[in-house]
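The numbers here are math on the coordinates, done by the rules we state, and not lab data. None of these values were measured; they are calculated from a predicted model. Cβ placement follows ideal geometry from the backbone for every residue including glycine, while neighbour counts extend to all protein chains displayed.
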Amino acid sequence: MPQPTGPLGEDVDPRPVAEQQKGRRWSLVGPGIVVAATGVGAGDLVATLVAGSRFGYALLWAVVVGVVVKIALAEATGRWHLATGSTIFTGWRSLGAWTSVYFVLYVLIWGFVYGATAMTSSALPLAALFPWLPLEAWAILSGLVGLVFVWFGNYRLFERAMTILIGVMFVVVVGLAVLVVPDLGATLSGLVPRLPEGSAIYTLGLVGGVGGTITMAAYGYWVNAKGWRDASWMTVMRLDNRVAYITTGVFVVAMLVVGADLLHRSGITLTEGDRGLLDLDEMLRDRFGQIVSTLFLVGFWATSFSSLLGVWQGVSLLFTDFVRTRREARGQLTEGPAQRSLPYRAYLLWLTFPPMVLVLVGQPFALVVAYGALGAFFMPFLAITLVWLLNSSRTPAPWRNGWLSNALLVAAAALFLVLCVNELAGLGG
C-alpha cells in the first residue's frame, strides 16, 4: 500500500488523526515556530531597538497589537490550507491570472536582492566573532550552508534546527532584557495606547513589520509538511500559531526594553540597518564585558540565519507550488515531494548564487527601488486575498471568516496599505 502524501507530495502520517493528536498537542507545535523565527530578522531587531531608543516604553502597546494581527494572518493562511485541502497559491489562481503575474515578478526580484541581504546579515556577527575571514567570505559561506542544509534536509530536520535557533534568540534577547534591569512601572505604562510626537510611522512599523514577511504565506505549506492536512487539525494549528506569535511578542518586547533602558537613557543612536546591531554589541562589551557581547553576537547570528533558512525553504515551496499549479492548469500532472523537485531546487539556486554578485559589488540602486516597491505590496496583497478567499464559496461554510477574523484581516490590510504608501513615498523622495 503506497504511503499517503499531502498537496505537494510530502509524506504524511497514515495513522488516524485522533490517534496522532491524543495527549500530545503541545508536542506537535512546530510550523508556527518556523514562521515566527523566519519573520523576525536582524532588521526587525534594529527597528525595535530604534523605537525603544527614541520613545522609551511608549510604543509597547503596538507590539501587543502586532502580535494579534500576525496571529490573525497566520491563522487565516493555515485555516485555508486545512479547510480546503488545497494551497494558498491554488486560492490565488482562482482569483485570476493577475495573482500569478504579480507573484512571479515579486519572487524573482525580491529573492535576488533578499538573498544578498540575508547572507550579509548572517555574516555580520560571524565577521565580528571570527575576523580572520572578510565579511564577503562569511556571507557566501552562509548562503552555501543554507543551500546544502535545505537541499538535502527534510522538513523534520528543518523544524528542529529552526526551533533551536529561535531558542537561542529567545534566551539571549530575554536574558539581555533582564540584565539591563528594566523599570517595571515604565514598562507596564507602555501598554496604555498613546502616540508620542513623531512616532506614527514607528508605531505602524512595530505593528506591521516585526514578524511579517512573504514567509507568512508559507505557513500553510509548513502546516502541510508537518502532516496536518485537513480540518481535523484546526485546533492544533491554532494552538501552534498562538504559541509561536506570543513567543515572538515576548522576544520583541525584550528588544524594546533593551532599546528603552540601554539606548534611550543614554541618548545613543544606532547605525541604520543590520549594522546597527554591531553598535549595540560595542555598548554591551563596554558595559557588561566580553562574555555578554559574545552571547549577543551568537543571538544576532541565530536571528539572521533562521531567517535565511526559513526563506530558502519556505519561499522555495511557494515557487514550487506556482509551477505546479501552472502545470496542472495545462493538464500536466506532477508527482513526488516538492523538496526534491526541479522548481524547488532551481529557486534555491536563484536565492543563493546570483545574489553573491550583489554581496561582492553592492546593490544597484534601480534594483533596490524595484525590490522596495514590490515588497511593500506583498503584505497588503496577502491580507486582502485572504479576506476575499475566506469569505467566498471557495471555503467550506463552517470555516469561513467570522466577524472577528474579518475585522482583524481588514485592519491588517488597511495597516499594510498605509505602510505601503509610506514605503513608496520614501522611495519617491
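Do you know the relative contact order of segment 23-428, to the nearest whole percent, from alpha carbon pairs under 8 angstrom that are 6+ apart?
Working: 574 pairs, mean separation 148.4, N = 406.
Reported as a whole number, the value is 37 percent.
Please name which of 406, 254, 161 has its Cα lying farthest along the dipole of segment 23-428 towards the positive end, using unit charges on Cβ (Lys, Arg +1; Asp, Glu -1) and the Cα centre as origin.
Comparing the listed Cα positions along the dipole, 406 ranks first.
Label points 7 Å out from Cα along the Cβ direction at residue 287 and residue 250: separation in nm?
In this crude spin-label approximation the distance works out to 2.2 nm.
Cα-based Rg (one decimal) and Dmax (whole number) for segment 23-428, in Å?
When restricted to Cα atoms, segment 23-428 yields Rg and Dmax of 20.4, 64 Å.
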